[in-house]
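What follows is a short report on a single structure.
The values are calculated or read from the model by the stated rules, or taken from the named source; none is laboratory data. Bear in mind the structure is a predicted one, so any value in this text is a computation, not a measurement. Positions of Cβ are backbone-derived with ideal geometry, glycine not excepted, and every protein chain shown enters the neighbour counts.
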Amino acid sequence: MSNAIVVCTWGEERGGLPGGAEEVLSLAGSLARSVGSDLVWLTLGAQAAGVAETAGRYGVAALHQIDDAKLADIPADVAVEALAQYCEQQSPRIVLFNQMAATRTIAPRLAARLDSAVVMGVTEVAADGDTFDITASAYGGDTRVVYRVAGAGTPVAAVWATAITAECPEAGASLAVESVAVDLSSVSERVDIVEPAKAEGPKLEDAEIIVSGGRGLGAVENYKLIRDLAEALDGMAGASRPLVDEGWVDSNHQVGLTGKITKPNLYVAVGISGASQHMAGCGAANAIAAINKDSEAAIFQYARFGIVGDALELLPELIRAARS
Amino acid sequence: MRIVICVKEVLDPDAVNNYAIAGRLEIGDDGMSLTQTAIPRLMNGFDEQALEAALRIKDTGVDCSLTVVSIGEDPSKILKHCAALGADSVVAIKTDAGALDGHGVATLLLAQIEAGGGADLILCGRQASDDDQGVVPALIAERLGMPLVTFARAVEASGSSLKVTRVVPDGDEVVEVVCPAVVTVSNELGEPRYPTAAAKIKARKVKPQVTSPADLGVADGDLAPRIQMIRQFVPTVQGNCEFIDGGSPAEQADKLIARLREESLLS
Ligand SMILES: Cc1cc2nc3c(=O)[nH]c(=O)nc-3n(C[C@H](O)[C@H](O)[C@H](O)COP(=O)(O)OP(=O)(O)OC[C@H]3O[C@@H](n4cnc5c(N)ncnc54)[C@H](O)[C@@H]3O)c2cc1C
């Protein structure tokens, strides 16, 4: 199916779908409609339970799967080889990914193989004939840059899924999966995992309520108040980057552009200024409640609720009120 | 071990943030560039940490040479800083970096690495803080046929292999890879060192080796960008905050929790 708009995903996260799948399909679907191309969804490795049904809802024309024992855990060398062969066979018009940690390796390496354009942090894609105008976030979100991609070849784009609202269409029949054959016999992974990461407990990315602390907490011992409030609200504790850099908390607490990209129902930001790079990881929250002693702090521009005050005076009271 | 560190000069992201927060970040008449000439230029933070990773390898007694490469009209300020920190040689590829896309940057860096006799380890920051793209290390790795390890918090060299601790979504992962390889460094590596006063004075006299695309045998056509910026704009943020004011901290806390419950944001 040449000239298609291809969405490539792998893995399974909450809701039985790969992370960001609905957001990327929403962007890709409207792009496909605007240029009259087919929307194709390609999954790598074992297919998540909800894919076939979701493909139907989003008007996917074909559901492709590349599965191979070597693709378990999506090692980059194997994934890039599989995708390069796929693109050679299928000649897509563009390949779109959800931007996650692994995509940062796979998308640009694929572009190098295809000798084609690559854009990360994408928030919008428009097309006109052979030309794509791809909008991406820059300076952590302080600006957006529109890049023009012209000419032949298959551009590769990694979509910043939390910047997009999924369409969530209702009707649609499940799609049958078509297996696409590629030859992975000669590729072997060069990066050897000697100690895998131990996923411990729930992830910030999945949390419904997050309470995060920033430099305004003043001292490492005050972070306990953040943990206590998070617990009282039945949520999880996060942090801005300076707390990670200072070694106050482990790096898996870092919310932001280069940390966790979260989408909770409620995000409570305490002593956090609201720098764009932090907001990149929490701006998609349904609602933000901010506590900051500076009434001019940027965080209040994003917040639905705000208290101008001292975090150390307010936190114990919030913990008490939350427990009552 | 030949280590090459690729560094980029960027506009100070904190200054850009401050302008943005104050609502004073503006785009010039060309529709593309930031007009605030007062924003200082400095070395991309993650690149400082990439150099720090190389210096830590050197600290462990590994026999290695550190070469820092940067592209730009005049990257000598940041290159002198790298020399003061302990880089053995610093190279400037003189050209208008703004006219290049990631492929063009990778083409020039590759040409310089080859001209300099190759590399066993290429260290880069995980992304640049201006365009946040982070594609150059991957483009270099793929074109040199080297493996790529991203988001390092620690890099250890032993013999011809590397042990890298990576920051991944599930925590820390330890990987091993045989050199030559490309590694990108993340902020979790920790604070980069400062040069000593004596080293700074000595570095003032350092003259970066200056080269150009033509010197490296790279034709203009090889640098033709696949993506071109046509516009930059400042997205608007809709401020709509309900401030809980008045009363003691206890009263404010009660009110906030009550409002969050009313809005079903808390159970
Ligand atoms: C390329 C790049 C990537 C980055 N990635 C990330 C990232 O992933 N995540 C991230 O968080 N940051 C990231 N940053 C850093 C980011 O730009 C900011 O520097 C950082 O988010 C600021 O953290 P902060 O808000 O805790 O600290 P500050 O900006 O110092 O703000 C502290 C706030 O606390 C308030 N305050 C002080 N005392 C009190 C008190 N007693 N009570 C209440 N309020 C008080 C102050 O008014 C201020 O608003 C990145 C930066 C760059 C350049």
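Figures for the structure shown
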{"quantity": "Residues located in the stretch B:154-164, provided they are without any contact (Cβ under 8 Å) to a residue 60 or more places away in the chain and surrounded by 19 or more Cβ atoms within 10 Å (Cβ to Cβ)", "calculated": "B:Leu162, B:Val164"}
{"quantity": "Single residue of the stretch A:134-150 satisfying the filter (more than 7 Å from chain B (Cβ to nearest Cβ) and of a type in the set (Gly, Ala, Ser)) that is nearest to A:Ser240 (Cα to Cα)", "calculated": "A:Gly141"}
{"quantity": "Search result, residues across the stretch A:258-268 that are more than 12 Å from chain B (Cβ to nearest Cβ) and either within 8 Å of the ligand (Cβ to nearest atom) or free of Cβ contacts under 8 Å to residues at least 12 places away in the same chain (or both)", "calculated": "none"}
{"quantity": "Test: residue in the stretch A:94-109 that is over 23 Å from the mean Cα position of the chain (by Cα), modelled with pLDDT of 95 or more and either surrounded by fewer than 23 Cβ atoms within 10 Å (Cβ to Cβ) or within 14 Å of chain B (Cβ to nearest Cβ) (or both)", "calculated": "no"}
{"quantity": "Criterion violated by B:Leu266 - all others in (1) assigned by TED's automatic domain parsing to the domain that holds B:Asp130; (2) in contact with a helix residue (DSSP H, G or I) (Cβ under 8 Å, 6 or more places away or on another chain); (3) among the aliphatic types (A, V, I, L, M); (4) assigned to a loop (DSSP other than H, G, I, E, B) satisfied", "calculated": "(1)"}
{"quantity": "Every residue from the stretch A:110-131 that is assigned to a strand (DSSP E or B) and either more than 9 Å from chain B (Cβ to nearest Cβ) or under 16 Å from the mean Cα position of the chain (by Cα) (or both)", "calculated": "A:Val119, A:Met120, A:Gly121, A:Val122, A:Thr123, A:Glu124, A:Val125, A:Ala126, A:Ala127, A:Asp128, A:Thr131"}
{"quantity": "Residues satisfying the stated conditions in the stretch A:240-254, i.e. more than 6 Å from the ligand (Cβ to nearest atom), more than 8 Å from chain B (Cβ to nearest Cβ) and not in a loop (DSSP other than H, G, I, E, B)", "calculated": "A:Leu243, A:His253"}
{"quantity": "Candidate set from the stretch A:297-315 (those that are facing chain B (nearest Cβ under 8 Å) and farther than 25 Å from A:Ala163 by Cα); member that is nearest to the ligand (Cβ to nearest atom)", "calculated": "A:Asp310"}
{"quantity": "Sole exception among (1) touching a strand residue (DSSP E or B) at 6+ places or on another chain (Cβ under 6 Å); (2) part of a loop (DSSP other than H, G, I, E, B); (3) not polar (S, T, N, Q) for B:Arg231, by number", "calculated": "(2)"}
{"quantity": "Every residue from the stretch B:13-35 that is assigned to a loop (DSSP other than H, G, I, E, B) and either crowded, with 16+ Cβ neighbours inside 10 Å or among the aliphatic types (A, V, I, L, M) (or both)", "calculated": "B:Ala22, B:Leu25, B:Met32"}
{"quantity": "Residue in the stretch A:63-72 that is under 29 Å from A:Ser137 (Cα atoms) and either part of a helix (DSSP H, G or I) or of a type in the set (Asp, Glu) (or both) present", "calculated": "no"}
